[in-house]
Number of protein chains: 4
Amino acid sequence: MKVSLEALNTSEKAEFTRLLDGLFEAAPWVAEKSFSSRPFATVASLHDAMMAAVRGRPRLDQIAFVSCHPDLAGKAARAGAMAAASVAEQAGLGLDQLSDDEFRRFEGLNSDYRQKFGFPFVICVRRQTRDAVLDAFERRLRNDVDAELAAALEEIGHITRLRLVDRVDGAGAPVVAGRLSTHVLDTYHGRPAAGVTIELFEVGQSARALLTQAVTNRDGRPERPLIVDRPLRIGTYELVFHVGDYFRNSGVTRDARPFLDVVPVRFGISEPEGHYHVPLVATPWSYSIYRGS
Amino acid sequence: MKVSLEALNTSEKAEFTRLLDGLFEAAPWVAEKSFSSRPFATVASLHDAMMAAVRGRPRLDQIAFVSCHPDLAGKAARAGAMAAASVAEQAGLGLDQLSDDEFRRFEGLNSDYRQKFGFPFVICVRRQTRDAVLDAFERRLRNDVDAELAAALEEIGHITRLRLVDRVDGAGAPVVAGRLSTHVLDTYHGRPAAGVTIELFEVGQSARALLTQAVTNRDGRPERPLIVDRPLRIGTYELVFHVGDYFRNSGVTRDARPFLDVVPVRFGISEPEGHYHVPLVATPWSYSIYRGS
Amino acid sequence: MKVSLEALNTSEKAEFTRLLDGLFEAAPWVAEKSFSSRPFATVASLHDAMMAAVRGRPRLDQIAFVSCHPDLAGKAARAGAMAAASVAEQAGLGLDQLSDDEFRRFEGLNSDYRQKFGFPFVICVRRQTRDAVLDAFERRLRNDVDAELAAALEEIGHITRLRLVDRVDGAGAPVVAGRLSTHVLDTYHGRPAAGVTIELFEVGQSARALLTQAVTNRDGRPERPLIVDRPLRIGTYELVFHVGDYFRNSGVTRDARPFLDVVPVRFGISEPEGHYHVPLVATPWSYSIYRGS
Amino acid sequence: MKVSLEALNTSEKAEFTRLLDGLFEAAPWVAEKSFSSRPFATVASLHDAMMAAVRGRPRLDQIAFVSCHPDLAGKAARAGAMAAASVAEQAGLGLDQLSDDEFRRFEGLNSDYRQKFGFPFVICVRRQTRDAVLDAFERRLRNDVDAELAAALEEIGHITRLRLVDRVDGAGAPVVAGRLSTHVLDTYHGRPAAGVTIELFEVGQSARALLTQAVTNRDGRPERPLIVDRPLRIGTYELVFHVGDYFRNSGVTRDARPFLDVVPVRFGISEPEGHYHVPLVATPWSYSIYRGS
């Protein structure tokens, strides 16, 4: 059950700290420090106050704070020694079910990273695909310590913002969700294309996974956005539009092997809180796609 | 070495028949019958005359004639008992290197087909991908005998037209080649996109194979068509355009994961002698493709 | 002030007839006949009942009924001898302000029409541009009497449906309004184009008239549809998008004479109650438009 | 009759100068100075040498040289006191047939310009529409003297390059011609659109003029480029594609007022020696255009 912003604004300090327990990994002092900034007009300003408390600490304290975070896909996860929220977050990406090879790759990266920076690699996994985590890992290994400490705090901001929205109800919640939507226009008939099957895949370097499937309604849109109410994971995706079946069903083509049948549209997502509208405008002989709005 | 149409037009009957030996599988009478129609103004009219000789025969003779053709990917192929031209043609599609499973699938189809129609399945493999052969096999198994005899003669027309063009030089060669070409326009800068890497894949139900790779020149085109001077095999293809690299190299995007990176364009080819021009018109945020000319 | 459907459903016959007076030109019997079908669940079913009363009359009565309608842009209009609703409707199209030449053209058409059919030309002018009225006039002059009587009743249906919606409040109003909207996408930057000036013109054979002007908001759309809450007049239109200014203001082009500056998009409207969404997807070097949704 | 580069390379100095007489307005010294650079491998290098002679002169001499040029649409033109080449060039733009108002506008600009700079306004009219000349006149009036002297010499380079190509035959002619072409693709049927009427207009601020008209062939192209073998005049143009008739003739639409009928595509040309390919890709409900190649 969620706690209300009102309750946080009116509770005693001990209660306030208890209610926000675990939001910042092993750091009750973050809640304590922000207590004096009450009342908070919005959930976003509560989060801002907590992050300001973190950013106001001396560099060594920040490093100590980052150091309390668990390794990604690390021994702690396998050994069951990780905070509940972290367990759920890492599981969401399948990091609890790596093959032995993948486990070893993560172990190697974790070990290189710790050796270079002295603290564990922190990333908000709810905003990432598994491929994007590996990319970021390798890219950030090339940073210097200062840039990397800044990157870690930035990621902790994302992690805790998401946790806060999960736990606190109230006005002015920070934006943590993106949206992916689509739309199919049939410019052979000059109308929305109804009844088109659409699949959404996540495309990794070694595998692809079907995320969801939908059929367009009379307005040429799936009944709801393909992804909504959560961050879009940074990564590469493919929308697959079954326009061959659509034009066959409309009696336009009878060809066993039409020019266009299954239309794949591959695109990258780099803004987890962004709105991505990716419409398809098609005839049996042409199509166009663009990032729309 | 090719024989000239002139030589065919002026030789004795025996020589004429010898020069065309093997063009029609085990049927020297086809050449003999067409001898009386000499002289031939064009290579195409020579082929027409030979096909007219076939079509002029009684139905049972036609069936006997079709029956002389080898099974596709059959025991004859494995046993080395097939005419040289057929061997080369079936090998071009990899039908001489089937896995045991695939071999059994072809054996099953061959056997069902023979049982239903009493003659072997004939198809011009030089106009087909392996997937298209299997599709056609299953589709044609649903024909009645008359439709199927007509289909077999049609395919023999394709087979022999290609063989004739390989063997005879002269005016008015029949059209046996198609063309697949592409072109990349960059509508961010309003100019042809030079230096774009393009890959062409054949997409089968179970596998995909890289057919060729090219880089666009200053006019946004590969130096030569992707396929030219031979029939386009009926099948499904994917052109993959590396527009992410192109826009990165032009200094337009620096994003590690741009919206568009690798753009796959999947399309079917059903006219082996057709011209397929499949241009891509792209910005970092949009693209369109169409069957052009 | 509007009358409520409820009031119509509960009033005496005389009152019912009085409340609907003038809806059908000089034909109080239409309201009287439909009185017996009360109560009406929807405004649309009231209109259906009245039209059924008209369609249920013998042919000669229907002709007499059509004959009570005024000429378009005729002497009655100039002489001030026309019903109030007709006066307003014809004025909406500028038919009360014709040049002498145009007046003569209408007089000629009215006279040819009356001579051929024996009744006046009836058309729902609120659904037409002036050009479309002239087109329809000339096209319908080629009908035979039966087709033309049907066409006249059809148009009377449109006229009275619009009048009914103006006068009666209640559930289930018939659809009498269309919508014209637009949207500008900037695929150079991959975002909606904000601040684009758009003009909408009606394009006649001899003249063009600016209907409205708008500027796109942050979502790339005018704050409201360009036409809404009334029928779209059948006719030819031009949307003019000032994309040159937009890209100049975004710092993309500095050219005094860019490739694209003022982009005209000309289109026809033939469904007055339809939704026409005409988006523009543009870069400085390309654009596409389509009938969207 | 043209003189050959060979003849220029081998003639005496007096003959050389005579053969190039009038190329540079009232400046035989330009030819004389470049005589010593013979032989010229290309026509372009001859022109380069002559321009180098001009650019090598002291500033005051350059001003005197520019001053020998006639006013644009000035009294000299009306009085018949202008060199033959200038007469023909100005006439090509209709500058010899201005209305009295236009004549006064040019007179005003000429007079303002002379007052500010002390020399006449020089522009290569063969590379300009009338509108572009007026634009350039007003824009260049805002220059300082140095920028304007440079602009005048640049224009004299264009003028004399065109005259040289008209008068001298030989290898390596400088590029003085642009090309405007188009192409119509029908993505309703997936084929080139044959039989589409296309009109090309020059669009001025106050008027539009039909430049040429063409019909597409089986490949969807006019038989020849719309403009070729001469500079494209800087200006604004409109291509008008009659796609409504095309789709009506193909039996696709029967609507008296289709969504798309006459499609205007307006664009600017700013590179007189450029290649502008402006294809239209259309269905009855959509189209796209871009600067192609």
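Please treat every number below as a calculation from the coordinates, not as lab data. These figures come from a predicted structure and were not determined experimentally. Here Cβ is always computed from backbone atoms with ideal geometry, including for glycine, and neighbour counts include all displayed protein chains.
Please give every one of the aspartates and glutamates within straight-line cross-link reach of residue A:33, meaning a C-alpha to C-alpha distance under 17 Å, and leave out same-chain neighbours fewer than 8 residues apart.
Result set, ordered by chain and number: A:12, A:15, A:21, A:25, A:48, A:61.
When each copy gets a label point 7 Å from Cα toward the beta-carbon at residue B:88, what are the spacings between them in nm, shortest first?
6.1, 6.9, 8.6
Along Cα→Cβ at 7 Å, what distances in nm separate the residue A:251 label point from those on the other copies, shortest first?
1.5, 5.5, 5.6
Using 7 Å Cα-to-Cβ label points, what is the residue B:11/residue D:11 separation (nm, one decimal)?
So the label points at residue B:11 and residue D:11 sit 6.5 nm apart.
For the stretch A:214-293, give the magnitude of the charge dipole about the Cα centre (Cβ charges: +1 Lys/Arg, -1 Asp/Glu; no others), in debye to the nearest 20. Display every interim value, and only then the final one.
Details: 10 positive and 9 negative charges, 25 e Å.
The dipole of the stretch A:214-293 has a size of about 120 debye.
Cα convex hull of chain D: how many Å³ per residue? Walk me through the numbers on the way to the answer.
Working: hull volume 44.3 nm³, N = 293.
Hull volume normalised by residue count: 151 Å³.
Taking the alpha-carbon centroid of each part, what is the distance from the stretch C:1-55 to the stretch A:201-226 in angstrom?
51
Across the Cα atoms of the stretch B:117-159, what radius of gyration and what greatest pairwise Cα-Cα distance (Dmax) are found, in Å?
Answer for the stretch B:117-159, Rg first and Dmax second: 9.8, 26 Å.
Hey, rough spin-label estimate for residue A:116 and residue B:19, points 7 angstrom out along Cα→Cβ, what's it come to in nanometres?
7.4
Whose Cβ in chain C comes nearest the axis that rotates C onto D, and by how many Å?
Residue with the nearest Cβ, plus whole-Å distance, for chain C: C:288, 2.
Go through C:193-204, D:56-67 and give me the packing order, highest mean Cβ count within 10 Å leading. Before the final figure, lay out each step's value.
Numbers: C:193-204: 19.1, D:56-67: 14.4.
Packing order, densest peptide first, comes out as C:193-204, D:56-67.
Per-residue mean of other chain beta-carbon atoms within 10 angstrom of the beta-carbon, peptide B:268-276? Could the numbers behind the result be given before it?
Details: counts 9, 2, 5, 1, 0, 0, 0, 1, 2.
Mean number of neighbouring Cβ atoms from other chains: 2.
Every other copy gets compared here: list the nm distances from the residue A:273 label point (7 Å along Cα to Cβ) to its counterparts, shortest first, one decimal.
4.6, 5.3, 6.2
Just in the stretch A:11-48: which GluC sites (Glu not before Pro) are loop by DSSP and have at most 16 other Cβ atoms within 10 Å?
A:12
Using the alpha-carbon centroid of each, what span in Å lies between the stretch A:116-136 and the stretch D:85-102?
71
Using R₀ = 35 Å, calculate the FRET efficiency as 1/(1 + (r/R₀)^6) where r is the Cβ-Cβ separation of residue B:84 and residue A:100; round to 0.05.
On the way: r = 52 Å, r/R0 = 1.49.
About 0.10, to the nearest 0.05.
Return the FRET efficiency for the residue pair residue D:91, residue A:138: r is the Cβ-Cβ distance, R0 is 56 Å, and the value is rounded to the nearest 0.05.
On the way: r = 69 Å, r/R0 = 1.23.
That pair, residue D:91 with residue A:138, gives E of 0.20.
I need A:236, B:17, C:212 ordered by Cβ neighbour count within 10 Å, fewest first.
Ascending Cβ contact count within 10 Å gives the list C:212, B:17, A:236.
Taking other Cβ within 10 Å of each residue's Cβ, how do B:262, C:176, B:145 sort, fewest first?
Final ranking by Cβ density, sparse to dense: B:145, B:262, C:176.
About the Cα centre of chain D, how large is the charge dipole given +1 on each Lys and Arg Cβ and -1 on each Asp and Glu Cβ? Please answer in debye to the nearest 20.
Values: 36 positive and 38 negative charges, 64 e Å.
The calculation lands at about 300 debye.
Let me have the 222 nm mean residue ellipticity of chain D computed from DSSP H runs of 4+ only, each contributing -39500 (n - 2.57), with the sum over all residues rounded to the nearest 500.
On the way: 11 runs with 116 residues, N = 293.
Counting only the DSSP helices, I get -12000 deg cm²/dmol.
Using +1 on the beta carbon of Lys and Arg, -1 on that of Asp and Glu, and nothing else charged, what's the dipole of the protein assembly as shown about the Cα centre, debye to 20? Can you show the working numbers first?
Numbers: 144 positive and 152 negative charges, 0 e Å.
So the magnitude is around 0 debye.
Once you place label points 7 Å from the Cα toward the Cβ at residue D:205 and residue D:270, how far apart are they in nm?
With each label placed 7 Å out from Cα toward Cβ, I get 1.8 nm.
Residues of the stretch B:212-230 with backbone nitrogen within less than 14 Å of a virtual label 7 Å along the Cα-to-Cβ line of residue B:250, please, listed as ranges.
Once the point is set 7 Å along Cα→Cβ of residue B:250, B:216-221 turn out to lie under 14 Å by backbone N, inside the stretch B:212-230.
Counting other C-beta atoms within 10 Å, which of D:275, A:47 has the fewest, and how do the rest follow? Intermediate values should be presented prior to the final figure.
Working: D:275 17, A:47 24.
Neighbour counts put them in this order, fewest first: D:275, A:47.
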